[in-house]
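Asker: First the structure, then my questions, so here it is.
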Amino acid sequence: MSTTDTPGLVPERPKLTVIGTGYLGATHAVAMASLGYDVLGVDVDQKKIDLLTSGEVPFFEPGLPELLKKVLATGKLRFTTSFDEAAEFGDVHFICVGTPQLHGSQAANLEYVESAFTELAKRITTPALLVGKSTVPVGTATRLTEMLLEASPNPELLQLAWNPEFLREGYAVQDTLRPDRLVFGVESEWAEQMLRAAFAPILEVGTPLVVADLKTAELVKVAANSFLATKISYINAMAEVCEVTGADVNLLASALSYDDRIGGRFLKPGLGFGGGCLPKDIRAFAFRAEELGVGQAVAFLHEVDAINNRRRMRTVDLVRELAGGDLRGKRIACLGAAFKPNSDDIRDAPALDVADMLRAESADVVVYDPEAMENAKRVYPQLTYADTFSQCIKGADVVVLLTEWDQFRSADPEMMGELVVGKSIVDGRHALDADAYRAAGWVYRALGRPADPKTVRLSEDAKDQVTV
């Protein structure tokens, strides 16, 4: 592989390939095509390619289906399963394949990343930049560089860079087109200029750019996710303290949020985090630190993970308490399956974990989610699912909010009270108006809040301070 500054000319508008058309890859391909680039999306899954080619997105993400149809009509975006076509087409190749947790280990599974890089390297015959966007353990780029040297018949034509992604599910299009920062991990001026050309419209509007070495760029995403996970688990640890002291964690979080050094973002108590990023990323980070001999430096991440998992068990405890101490035969309405609203992602979803723990205690569990039902049924076929919100709560002894969809947040407690058997609700996300439910005759419980209502109330400004 070349580390010189001039393995080739820098096109004003390089042609882009996106390898992997899952959540990250499909969003990146569509967004870059909307900026005027010629983009080729590549995946080994023919069904996924067929769906995208027909204008359908194989997952739920607000705004993405409409943008996909728009860019397909311009001819700027197309999809293929051919690595030969990708190698011939692209100047910059973005690798966006998954790095799931390795089965039976805390480590990241890098087989898809390694395969994507090497399959391209075998075929490329013109100057090209291979750019990793997947979240990987630090040091992966160095190892991939050696693999590309062995795989490529023309290693002098290739360079490797890293460009971590920072997408929030539910806001992925916005975060791609208007990111809060870009990070380029590069080893040469040419690689930096190629990435600048590939992101020119985004940089032209003043998006902050950090140009770094490969190892720093690899660390940015896992460091960011570890910090966010720590902040979430910190306030949930405070919720544990509040529960045994009678304090109110919402009021505590509000008071903390006014300190500029702390802030209110991600200081939201509740059921905790899930999804395809934070849980597996902090585990892989801790595992990699152990490999490097600095495990003690991030040992706190094990407790961050443990706190997060305890929130799920404590939610079951609250439901059991409201059910009279025994869940056997009690109908429990579980509102939510996705790990967060505006997503159909159920990876490591706290909602489904709680629902299954309730089922394991012989409760009659019924689940409803506006978007994640099909995914949930495939992974948790042992659960029972309702077709509608009303059907889910009808006849329930206890209702538990597990994903804070707007449909659930805005539901009328009076209407709900007419459908349930027992007016008991556990607010696992601190998303409901406790006063409104209590006024409608409900017994309201939430993690980290006292069972009896407080005379002190959060002001509207204070509520706005504490967000996720």
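The values are calculated or read from the model by the stated rules, or taken from the named source; none is laboratory data. Only a predicted model underlies this, so the values are computations on that prediction, with no experimental measurement involved. Every residue, glycine among them, receives a Cβ derived from its backbone with ideal geometry; neighbour counts consider all protein chains shown.
Asker: Please find, within segment 203-219, the residue that is farthest from Pro7 (Cα to Cα) out of those that are out of contact with any Pro (no Cβ under 7 Å at 6 or more places or on another chain) and aliphatic (A, V, I, L, M).
Answerer: So in segment 203-219, the residues out of contact with any Pro (no Cβ under 7 Å at 6 or more places or on another chain) come out as 203-206, 208-216, 218-219.
Then keep just the ones that are aliphatic (A, V, I, L, M); that gives 203, 205, 209-212, 214, 219.
Working: Leu203: 24, Val205: 29, Leu209: 23, Val210: 23, Val211: 20, Ala212: 20, Leu214: 19, Leu219: 27 Å.
That would be Val205.
Asker: Checking Val71 against (1) surrounded by fewer than 17 Cβ atoms within 10 Å (Cβ to Cβ); (2) on the phi < 0 side of the Ramachandran plot; (3) not acidic (Asp, Glu): exactly one of these is not met. Which one?
Answerer: Of the numbered conditions (1) surrounded by fewer than 17 Cβ atoms within 10 Å (Cβ to Cβ); (2) on the phi < 0 side of the Ramachandran plot; (3) not acidic (Asp, Glu), the odd one out for Val71 is (1).
Asker: Something else: How about segment 253-265: which of its residues are touching a strand residue (DSSP E or B) at 6+ places or on another chain (Cβ under 8 Å) and of a type outside the set (Gly, Ala, Ser)?
Answerer: Step one: of segment 253-265, the residues touching a strand residue (DSSP E or B) at 6+ places or on another chain (Cβ under 8 Å) are 264-265.
The one that is touching a strand residue (DSSP E or B) at 6+ places or on another chain (Cβ under 8 Å) and of a type outside the set (Gly, Ala, Ser): Arg265.
Asker: Among the listed residues Val304, Val316, which satisfies the condition of being touching a residue at least 40 places away in the same chain (Cβ under 8 Å) and under 18 Å from Gly422 (Cβ atoms)? If you could, list the steps in order and put the result at the bottom.
Answerer: Values: Val304 fails: under 18 Å from Gly422 (Cβ atoms).
Exactly one of Val304, Val316 is touching a residue at least 40 places away in the same chain (Cβ under 8 Å) and under 18 Å from Gly422 (Cβ atoms), namely Val316.
Asker: Taking segment 22-54, which residues are touching a Leu at 6+ places or on another chain (Cβ under 6 Å) and assigned to a loop (DSSP other than H, G, I, E, B)?
Answerer: Tyr37
Asker: Does Leu301 count as modelled with pLDDT of 95 or more and either assigned to a loop (DSSP other than H, G, I, E, B) or under 22 Å from Thr140 (Cα atoms) (or both)? If you could, list the steps in order and put the result at the bottom.
Answerer: Numbers: modelled with pLDDT of 95 or more: yes; either assigned to a loop (DSSP other than H, G, I, E, B) or under 22 Å from Thr140 (Cα atoms) (or both): yes.
Yes; evaluated as a whole, the condition is true for this residue.
Asker: Also, I was wondering about something else. Restricting to segment 349-404, and then to whatever is closer than 18 Å to Arg429 by Cα and among the hydroxyl-bearing types (Ser, Thr, Tyr), can you tell me which residue is surrounded by the fewest Cβ atoms within 10 Å (Cβ to Cβ)?
Answerer: Tyr368
Asker: Which number in (1) surrounded by fewer than 18 Cβ atoms within 10 Å (Cβ to Cβ); (2) within 30 Å of His103 (Cα to Cα) marks the one condition that Arg328 misses?
Answerer: That leaves (2) as the condition not met.
Asker: With the structure loaded, tell me whether Ala116 is touching a helix residue (DSSP H, G or I) at 6+ places or on another chain (Cβ under 6 Å), under 19 Å from Lys280 (Cβ atoms), outside the structural domain of Asn342 (by TED's automatic domain parsing) and aliphatic (A, V, I, L, M) or whether it fails that test.
Answerer: Numbers: touching a helix residue (DSSP H, G or I) at 6+ places or on another chain (Cβ under 6 Å): no; under 19 Å from Lys280 (Cβ atoms): yes; outside the structural domain of Asn342 (by TED's automatic domain parsing): yes; aliphatic (A, V, I, L, M): yes.
So Ala116 does not fit the description; no.
Asker: Please specify each residue of segment 432-456 satisfying the condition of being buried (at least 19 other Cβ atoms within 10 Å of the Cβ) and not in a strand (DSSP E or B). Full working, then the answer.
Answerer: In the first step, residues of segment 432-456 are kept if they are buried (at least 19 other Cβ atoms within 10 Å of the Cβ); the result is 432, 434, 437, 442, 444-449.
The answer is Leu432, Ala434, Tyr437, Trp442, Leu447, Gly448, Arg449.
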